Structure formats: C-alpha cells, structure tokens
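Engineer: Take a look at the following structure, please.
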Amino acid sequence: SSADHLRRVATLAAVFTLSVMAGNTSLKYIPVSFNQAIGATTPAWTAGIAYAFAGTTEKRSTYLALAPVILGVVLATGAEPSFRFVGLVAALTATVMRGIKSVLQGILLTNPAETLTSQNLLLYMAPISLVMMAPFALYIEGRALLEH
C-alpha cells in the first residue's frame, strides 16, 4: 500500500539523516582524518548488518580483506592524539547508519513489490530527508546564516 511504501522510504530517509547528522557532529570533536579512518570500516558494518537483517553472507575472502581495515582503525583509535570519545561515538554512529542505509536501500530496490528505481527512491527520499535535517542544520548553522 502507499502508506507502507511511504513508511519504508521515510525509514530510509531517517537513517540517512541520522548518518549525516552524526557524521557532522563527529567533525566537531575529532579530526577529519580520524573520521575518514572510521568511515573506512563501513563495508565491514554493511556486511554485518546485511547478515543480521537479510541473512546475506559474503565470501570468506571478503571478510578476511576487511580485517586489516578494522585492525588499522583500532590501532588509530589508540594512537589518535586528539581522541575524544564523543567524536568516536558520533563517527561510529554515522558509519553504522551508512551500513544500515545501504542494506535498506538494497532491499527496497530489489523488492519486486516496490517497483522503485534508484532515481525514484531518491526523488521520494530527498524531500523527507530535507524536512528531517532542516531543524538540525538551522540549529548548527543558524548563526552563520544570519551573519552573512
């Protein structure tokens, strides 16, 4: 039904919005380089989430290839001189949300009952994301907008 379709697209938009908000928040507390290192673990999170949500498994070589990335991020976390826990949590939240978004998007785009193309999904999702993200953006960037 249309209501179910809207609910699924709105869920995807909310996950996307949370990933952007958490990612931007993390940049307030940790360096961009550390944020990007954490973001490099997105494929590992996506694989784990795909398994949890849909029972999808990858080849063993895929999991083995992800191990050095995860180990590198763990080592970088311990060695990061400007480490702030809140920044780490925000960056991990953004990364996990990106993984969830990828899995949910894949489910929506491959579900024969949805008949969505990637362009249509973006068309429906973008306005919902805008409405969800606008209050956050105004709160964070409001002063800067008023000053210019």
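The values are calculated or read from the model by the stated rules, or taken from the named source; none is laboratory data. If you're wondering where the values come from, they're calculated on a predicted model, not measured in any experiment. Cβ placement follows ideal geometry from the backbone for every residue including glycine, while neighbour counts extend to all protein chains displayed. Heavy atoms of the whole protein, side chains included, go into the accessibility calculation; ligands, DNA and RNA do not. Shrake-Rupley method; radii C 1.70, N 1.55, O 1.52, S 1.80 Å.
Engineer: Summing -39500 (n - 2.57) over the DSSP H runs of n ≥ 4 in the chain and dividing by its residue number, what mean residue ellipticity at 222 nm do you reach, to the nearest 500 deg cm²/dmol? It would help to have the intermediate numbers written out before the result.
Structural biologist: Working: 6 runs with 122 residues, N = 148.
My calculation for the chain gives -28500 deg cm²/dmol from helical runs alone.
Engineer: From the phi of every residue in the stretch 135-142, what ³J(HN,Hα) in whole Hz does the Karplus formula 6.51 cos²θ - 1.76 cosθ + 1.60 yield, where θ is phi - 60° and glycine or proline is x?
Structural biologist: Using θ = phi - 60°, the values come out as x, 4, 5, 5, 5, 6, 9, x Hz.
Engineer: I'd like the distance separating the alpha-carbon centroids of the stretch 85-148 and the stretch 1-26, in whole Å.
Structural biologist: Going from one Cα centre to the other spans 5 Å.
Engineer: Stretched out fully, how many nm does the piece from ILE70 to ALA14 gain, at 0.36 nm a residue minus the Cα gap? Before the final figure, lay out the partial values.
Structural biologist: Details: separation 56, 0.36 × 56 = 20.16 nm, distance 2.65 nm.
Going from the current span to full extension adds 17.5 nm.
Engineer: Enumerate the residues in the stretch 1-33 having an amide nitrogen under 20 Å from the point lying 7 Å beyond the Cα of THR115 toward its Cβ.
Structural biologist: Output list for this probe position: 1-10.
Engineer: May I pose another question? Taking θ as phi - 60°, what are the ³J(HN,Hα) couplings along the stretch 14-29 by the Karplus curve (6.51, -1.76, 1.60), each to the nearest whole Hz, with x for Gly and Pro?
Structural biologist: Once θ is set to phi - 60°, the couplings for the stretch 14-29 become 5, 5, 4, 4, 4, 5, 5, 4, 5, x, 5, 5, 4, 5, 6, 10 Hz.
Engineer: Given points 7 Å out from each Cα along the Cα-Cβ axis, report the ASP4 to ALA40 separation in nanometres with one decimal.
Structural biologist: Going from the ASP4 label point to the ALA40 one covers 4.3 nm.
Engineer: Please list the equivalent ellipsoid semi-axes of the stretch 1-125, computed as the square roots of five times the alpha-carbon gyration tensor eigenvalues, in descending order and whole angstrom.
Structural biologist: Values: eigenvalues 176, 71, 17 Å².
Output for the stretch 1-125: semi-axes of 30, 19, 9 Å.
Engineer: What nm value, rounded to one decimal, do you get for the distance between ILE107 and LEU138 when each label is placed 7 Å out toward the C-beta?
Structural biologist: In this crude spin-label approximation the distance works out to 3.2 nm.
Engineer: Another one. Please report, in debye to the nearest 20, how large the charge dipole of the stretch 1-122 is about its Cα centre when each Lys and Arg carries +1 at its beta carbon and each Asp and Glu carries -1 there.
Structural biologist: Working: 8 positive and 4 negative charges, 17 e Å.
Its charge dipole is roughly 80 debye.
Engineer: If you average the sequence gap of Cα pairs under 8 Å that are 6 or more apart and divide by the length of the chain, what percent do you get for the contact order?
Structural biologist: Working: 133 pairs, mean separation 61.1, N = 148.
The normalised contact order for the chain reaches 41 percent.
Engineer: Just to be sure I follow: if Rg is taken over the C-alpha atoms of the stretch 75-148 and Rh is the Kirkwood radius over the same atoms, what is Rg/Rh?
Structural biologist: Numbers: Rg = 17.7 Å, Rh = 15.7 Å.
Ratio value, two decimals: 1.13.
Engineer: Where the accessible area of the stretch 30-148 is counted over protein heavy atoms with a 1.4 Å probe, how much of it, in %, is carbon and sulfur? Working shown, then result.
Structural biologist: On the way: 5280 of 7700 Å².
C and S fraction of accessible area: 69 percent.
Engineer: GNM, the chain, Cα, under 10 Å: largest mean-square fluctuation among LEU122, LEU104, LEU12?
Structural biologist: Result: LEU122 has the largest fluctuation of those listed.
Engineer: Once phi is turned into θ = phi - 60°, what whole-Hz ³J(HN,Hα) does the Karplus curve with 6.51, -1.76 and 1.60 give for every residue of the stretch 106-120, x standing for Gly and Pro?
Structural biologist: x, 5, 5, 6, 9, 7, x, 6, 7, 6, 9, 9, 4, 5, 5
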